[in-house]
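Please read the structure below before turning to the comments.
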4 protein chains.
Amino acid sequence: MVVMDQVTFIPTVDQLTYTFGGAAAVMRVRPGTVLSLWTEDAYGGRITSRDDVASTALNTEDLNPQTGPFWIEGAEPGDTLAVHLVDLTPARTWGASTLIPFFGGLTSIPVSPTLQDPLPERTYVYDYDAGTHTVGFDAQASDFSVRLPANPMLGTVGVAPGRREVRTSLVPSDFGGNMDTPEMTAGATCYLRVNVEGALFSLGDGHYRQGEGESCGTAVEGAMHVTAIVDLVKGRGPAWPRLETDTHLMCIGSGRPLEEAWRASQVEMIGWLGELYGLDRLDAYQLLTQISQVPIANVVDTNYSAVTKIDKRLLPPAPAYDGLHAELRRTASSLGSIDY
Amino acid sequence: MVVMDQVTFIPTVDQLTYTFGGAAAVMRVRPGTVLSLWTEDAYGGRITSRDDVASTALNTEDLNPQTGPFWIEGAEPGDTLAVHLVDLTPARTWGASTLIPFFGGLTSIPVSPTLQDPLPERTYVYDYDAGTHTVGFDAQASDFSVRLPANPMLGTVGVAPGRREVRTSLVPSDFGGNMDTPEMTAGATCYLRVNVEGALFSLGDGHYRQGEGESCGTAVEGAMHVTAIVDLVKGRGPAWPRLETDTHLMCIGSGRPLEEAWRASQVEMIGWLGELYGLDRLDAYQLLTQISQVPIANVVDTNYSAVTKIDKRLLPPAPAYDGLHAELRRTASSLGSIDY
Amino acid sequence: MVVMDQVTFIPTVDQLTYTFGGAAAVMRVRPGTVLSLWTEDAYGGRITSRDDVASTALNTEDLNPQTGPFWIEGAEPGDTLAVHLVDLTPARTWGASTLIPFFGGLTSIPVSPTLQDPLPERTYVYDYDAGTHTVGFDAQASDFSVRLPANPMLGTVGVAPGRREVRTSLVPSDFGGNMDTPEMTAGATCYLRVNVEGALFSLGDGHYRQGEGESCGTAVEGAMHVTAIVDLVKGRGPAWPRLETDTHLMCIGSGRPLEEAWRASQVEMIGWLGELYGLDRLDAYQLLTQISQVPIANVVDTNYSAVTKIDKRLLPPAPAYDGLHAELRRTASSLGSIDY
Amino acid sequence: MVVMDQVTFIPTVDQLTYTFGGAAAVMRVRPGTVLSLWTEDAYGGRITSRDDVASTALNTEDLNPQTGPFWIEGAEPGDTLAVHLVDLTPARTWGASTLIPFFGGLTSIPVSPTLQDPLPERTYVYDYDAGTHTVGFDAQASDFSVRLPANPMLGTVGVAPGRREVRTSLVPSDFGGNMDTPEMTAGATCYLRVNVEGALFSLGDGHYRQGEGESCGTAVEGAMHVTAIVDLVKGRGPAWPRLETDTHLMCIGSGRPLEEAWRASQVEMIGWLGELYGLDRLDAYQLLTQISQVPIANVVDTNYSAVTKIDKRLLPPAPAYDGLHAELRRTASSLGSIDY
């Protein structure tokens, strides 16, 4: 990777995509390319004030727009796509979260309906202060206000699914997608199994901050500047998305009910522990029992997502994918300060 | 609470109990009493070496023995029992974890059976080193070994259920019980709704260490020295167990599927935010969406348990239960060093 | 069984019980005894008109009263209790069904709460006409009325649970209980595993009619005259309740989520097919795949219940439990006409 | 509909499709057209003897081939497509059912994995006897054999999904698809919401017989001759598939866990009762509680499917969709005897 490609892509509204699979690649890039991107928010930019309520402001066909897809040269089914998030910087001075009728974790939803009325709608606009790196919450029924640390993350990172499928960008699954985990933050490397030639990778759904579970269904949603490096490992494609940071290994399962998402993430991690430490599945199961962290990602999307997370510091060093994460970190450092 | 009662109770084998509700109180104590207790491990002490496999060594009628129940004077249905864990100290130099046929999160189980064969059995004995405060894991199919920090906790803290029920100590529910969360550690105060006169509180199931989810169904199980202070708040009994530490507020829901446990914990926390900050339920829902942590407790018990957790430092100070946790911490400090 | 015991028991209000396990036997009876019983409705008789709404009329501690428990002489853990329902006759000229806040299958419920408001309450009183054997439904928001065939059944038949537990009569589980299946009707024999000495069998929760699923949580609830014969098979206690009629074999699983109840009922039936036809579990699985009927029982109780049902006429004759059902049918016939 | 179009379409292997959405229409037909079709079995015809085991014989990319899609002229999003099944006749003298590793209702599956080994594989070939209209089951581990009545049905009937999605033909959802209900038989009319222009309707997955639940994941799978009439109702597209026979109304929900599929089917039926009888949702909820039948469709596919079913004879006559089903039945009768 002596010569790095650097690519900037800021999609126009017409270039935004709304699916994993099914959209033509916006460009072809080589493994090792540094992508400098911009992502629109999950509302398609249609929520700009407290008066914009979801049921009237949103275009339900155009939710969660993605930047991409990118055709990764040489990527073939069964390979591993690595996406290293170098930097995530809020691209607006505010983000928004909305209570949307019959959407969210504490309301009935169309696929599990009740006869109850929907919750009232409310839209919350959080100002983002780059200086303090905080977002501001203001209650609407009382005068409570509080500033919260910003924690920029991407709700959605994914590749085209297999089995000829095209899925909306609202879905998390084994191809990644709308996993909505606060772990998808700058400094993390996401490993995804390639399902179709070229991988057809895209990302979006910036959150300036999100709690685990994404209870009401929408985080502090905002447009984002994204710097990422894509890389390719031949073969070794994981069954479920994996995530690595300097300190942790993570696997992300998605499904319903929530315990099935958990099981998928756990078995994936047991496989990873086997790869890294030569443990058989029973020993890995036992070890995982004592060291697993399980920060839930979302309980609101079409599938729910659960993270199985291990603190690397508990275990002997064992570089995953031949040390690819560390290498990508070094490459990221070499980029110097990032300015949008 | 000028004069504190101090009580020591180390049950004989015959005094161990196996249910919440249905057992006679071992003693009556006043609110404010400091309890110095000993708890047997979840196996009833029957697993002592790698050769003791669960299917033959265990007495399935006598699992998860509890120390108690204690009759709390003045406790009436609807009240809040506060149990502050002052100290948890391993009472043996080893703990054990077992793969039990058709039990655990990554096997079929009797209430959700498949036609597949059970997993092989294995028993792992972890030595506990008090000096380094670590436990040692040794793989059985390869020569991998690692020492892990001990993190003593109680799997089970509960009161008698309502509706005339008696539940085994294997069950977590709204009365507490076998929640198996690593958050139940020294320094935490657990708030439980009183369901019957006297509350009939008991605890047990010491774990020297456990990961979130308790994947295989058994943590590093070990006998434990427990120092706890019990206290009583008249009325205000929560619908689901709450937990408070110096830094966090937590609510614990239990149920199946896992998302129902999560929902219960979330709605309980929304109620608590309302009590503390005067937020209406929609504002609390919105705020929780951005600040919630969700470390799963267990996905292996009769009910699954999920924790909704909030970092107090994100919010303005607002003492819960009139500052009871801080008061119990001060009382705990006044006890001086604890020696078993 | 030359000499049959015949026992009549009509409980006073004070003699009603509300749990499986935990209540003293109302009498001891020998296997083969004919019981002539009366059961109060699930409301404890507190709903008598459209103006009695559940939230104010009901005593939530005294729901679903049971008639019993009966101590069956000679019954030991592991045995099979057979309860043959000879006759079910409505004991009132009306039954009632209520929409209860936060209870039922199409509303959020306390163990899986949302932030939505409850549904409005409504109480429906169905007159029962013994001549036409019909019940009358009258809509409340329009003038629609229809008469429906009565189909008397018992929501609740059960024995004391094991593991020292006491469960409310609202719960269905492996001990039977509140399974709420329309299959529990006159002519059926229910087989239950005995968990404690004496079995401690009771029944109640008469429904003059119920659809599968019991959608809103309450059927056409009414007091019932019940004639039943109890009998005992030594050993051979099934893991889950079984039901036999002249035409069908059934197994009833209870749990959450609903697929787990289904799995339990299916594996139980695979075991039964093995007992009757010598099929190994894979052949029985295959055969069941092509002949299984799955009429859901309830999706509203603490556990959901699913029935796996097989039409005997599809298979060669193979008397279950040595032809006990046919024998009980003959005994029932010998009783002549039943008059309450 | 004085002049009827009649179309015959027998796909070549290359014309088979494997998705809902994403495939080009094989032809355009007008509402009212009689389609005479042939469908390949779900294995793509690759299982022909007991020696063909799934793990080696199948092409996992080419499962569940569909005949279609057909572009229905005039069909627009929001419309209702009616598919009346005139006749289903087995097109081979045998069908096959297979135990496939990690697939089925009583094994762990990839999206909810355990660490257990897979079940052994077995392939069962059922001969189909047109004279007796039966299929023959032969056990493999013992000498048990039995002939079962054939009950030809289609596992899969569907249209293109909305939201730009393409789904494999293995999935049941709100667009229909792989619902696998034994109710999808000759004489039934299926109503589906149109999601894209032209509807893009296809069908396949013939079963010579299937039990409710499709326990092991595969019915008696076989190629089928299908005669169907397609028709169009402008607007009024249902949220979930509906089914009508001379005697019953049905709604089919699909999702996970199974209770969510049930809820969807129930709320859909409540809406239908409202349309037909002017009942408000609470009255319809109450009435449904007493008359609902719930024969489970499948507990093995990517989504589970549940049927809510009502016997028309319990209610006053109220022709759905202006009597379309009866009209299609008359048209079907006018076709005379069907010969393939």
| Is it the case that C:Glu268 is over 25 Å from D:Tyr124 (Cβ atoms), in contact with a strand residue (DSSP E or B) (Cβ under 6 Å, 6 or more places away or on another chain) and acidic (Asp, Glu)? | no
| What number of residues in region D:8-24 are among the hydrophobic types (A, V, I, L, M, F, W, C), crowded, with 17+ Cβ neighbours inside 10 Å and either without any contact (Cβ under 8 Å) to a residue 12 or more places away in the chain or closer than 12 Å to D:Thr67 by Cβ (or both)? | 2
| request: Might you check whether a residue that is of a type outside the set (S, T, N, Q), away from chain D (no Cβ under 11 Å) and under 30 Å from C:Arg122 (Cα atoms) occurs anywhere in region C:187-202? | output: no
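Listed here are the residues, each with its yes/no results for (1) under 23 Å from D:Leu106 (Cα atoms); (2) surrounded by 24 or more Cβ atoms within 10 Å (Cβ to Cβ); (3) at pLDDT below 95.
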position	(1), (2), (3)
D:Ala199	no, yes, no
D:Leu232	no, no, no
D:Ser254	yes, yes, no
D:Leu279	no, no, no
| task | Scan region B:270-286 and report the pairs whose first residue is facing another protein chain (nearest Cβ under 7 Å) and whose second residue is part of a helix (DSSP H, G or I) and polar (S, T, N, Q), with Cβ atoms within less than 9 Å and a gap of 6+ or a chain change. | result | B:Leu279/B:Gln286; B:Tyr285/B:Gln266
| query | In this structure, does B:Ser337 turn out to be of a type outside the set (Asp, Glu), closer than 30 Å to B:Thr8 by Cβ and either within 14 Å of chain A (Cβ to nearest Cβ) or free of Cβ contacts under 8 Å to residues at least 12 places away in the same chain (or both)? | reply | yes
| request: Name every residue in region A:120-139 that is touching a Lys or Arg at 6+ places or on another chain (Cβ under 9 Å), touching a residue at least 40 places away in the same chain (Cβ under 8 Å) and over 14 Å from A:Pro90 (Cβ atoms), in order of residue number. | output: A:Arg122, A:Thr123, A:Tyr124
| Which fully enclosed strands (runs of 3 or more DSSP E) of region B:49-162 have 3 or more residues being within 14 Å of chain A (Cβ to nearest Cβ)? | B:94-99, B:122-129, B:134-138, B:145-149
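Residues are listed down the side, and each one gets a yes or a no for (1) closer than 20 Å to B:Ala332 by Cβ; (2) touching a Pro at 6+ places or on another chain (Cβ under 7 Å); (3) among the basic types (Lys, Arg); (4) outside any loop (DSSP other than H, G, I, E, B):
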site	(1), (2), (3), (4)
B:Val7	yes, no, no, yes
B:Pro31	yes, no, no, no
B:Ser36	yes, no, no, yes
B:Ile47	no, no, no, no
| message | Whether any residue in region D:74-93 is more than 20 Å from the chain's Cα centre (by Cα) and of a type in the set (Lys, Arg) is what I want to check. | response | no
| query | If you go through region D:229-240 one residue at a time, do you hit one that is at the interface with another protein chain (Cβ under 7 Å from one of its Cβ atoms) and either in contact with a helix residue (DSSP H, G or I) (Cβ under 8 Å, 6 or more places away or on another chain) or in a loop (DSSP other than H, G, I, E, B) (or both)? | reply | no
| remark: Within region B:216-228, the residues that are in a loop (DSSP other than H, G, I, E, B) and either over 14 Å from the mean Cα position of the chain (by Cα) or closer than 19 Å to B:Gly68 by Cβ (or both) are B:Cys216, B:Gly217, B:Gly222, B:Ala223
| message | Test of understanding: among C:Thr247, C:Thr308, C:Thr331, which residue is of a type in the set (S, T, N, Q) and either modelled with pLDDT under 95 or over 22 Å from D:Ala150 (Cα atoms) (or both)? | response | C:Thr331
| query | Of everything in region D:203-228 that's crowded, with 24+ Cβ neighbours inside 10 Å and of a type in the set (Val, Ile, Thr), which residue is farthest from the other protein chains (Cβ to nearest Cβ)? | reply | D:Val226
| task | Working only within region B:221-251, note down all residues that are among the aliphatic types (A, V, I, L, M) and farther than 24 Å from B:Ala332 by Cα. | result | B:Ala239
| Selected residue (criterion: nearest to the other protein chains (Cβ to nearest Cβ)) from residues of region B:163-172 that are in a strand (DSSP E or B) and surrounded by 24 or more Cβ atoms within 10 Å (Cβ to Cβ) | B:Arg167
| query | Inside region C:243-259, can you point out the residues that are closer than 20 Å to C:Lys312 by Cβ and touching a residue at least 60 places away in the same chain (Cβ under 8 Å)? | reply | C:Leu243, C:Glu244, C:Thr245, C:Asp246, C:Thr247, C:His248, C:Leu249, C:Met250, C:Ile252
| task | Return yes when B:Leu154 is farther than 28 Å from A:Ala261 by Cβ and surrounded by 24 or more Cβ atoms within 10 Å (Cβ to Cβ) and no when it is not. | result | no
| request: Return the only residue of C:Val307, C:Val267, C:Val299 being touching a Pro at 6+ places or on another chain (Cβ under 6 Å) and within 7 Å of chain D (Cβ to nearest Cβ). | output: C:Val267
| within 17 Å of the chain's Cα centre (by Cα), more than 27 Å from C:Tyr124 (Cβ to Cβ) and of a type in the set (D, E, K, R): does that describe D:Asp322? | no
| Residues located in region B:195-215, provided they are out of contact with any Gly (no Cβ under 6 Å at 6 or more places or on another chain), closer than 22 Å to B:Thr19 by Cα and part of a loop (DSSP other than H, G, I, E, B) | B:Val196, B:Glu197, B:Gly198, B:Ala199, B:Leu200, B:Glu214
| note | D:Gly253 passes all but one of the listed conditions (1) closer than 30 Å to D:Asp127 by Cα; (2) assigned to a strand (DSSP E or B); (3) within 14 Å of chain C (Cβ to nearest Cβ); (4) of a type outside the set (S, T, N, Q); the exception is number (1)
| task | Six or more apart or on different chains, Cβ under 8 Å: which pairs go from a residue in region C:35-62 that's on the phi > 0 side of the Ramachandran plot to one that's assigned to a loop (DSSP other than H, G, I, E, B)? Could you list them? | result | C:Gly44/C:Leu16; C:Gly44/C:Leu58; C:Gly44/C:Asn59; C:Gly44/C:Asp62; C:Gly44/C:Leu63; C:Gly44/C:Pro65; C:Gly45/C:Ala223
| Would you call B:Leu243 hydrophobic (A, V, I, L, M, F, W, C) and assigned to a helix (DSSP H, G or I)? | no
| query | Can you tell me which residues in region C:286-314 are farther than 25 Å from C:Val171 by Cβ and buried (at least 18 other Cβ atoms within 10 Å of the Cβ)? | reply | C:Gln286, C:Leu287, C:Leu288, C:Thr289, C:Gln290, C:Ile291, C:Ser292, C:Ile310
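The values are calculated or read from the model by the stated rules, or taken from the named source; none is laboratory data. Nothing here was measured: the structure is a model prediction, and the numbers come from that model. Every residue, glycine as well, gets a Cβ built from its backbone with ideal geometry; the counts of neighbours run over all protein chains shown.
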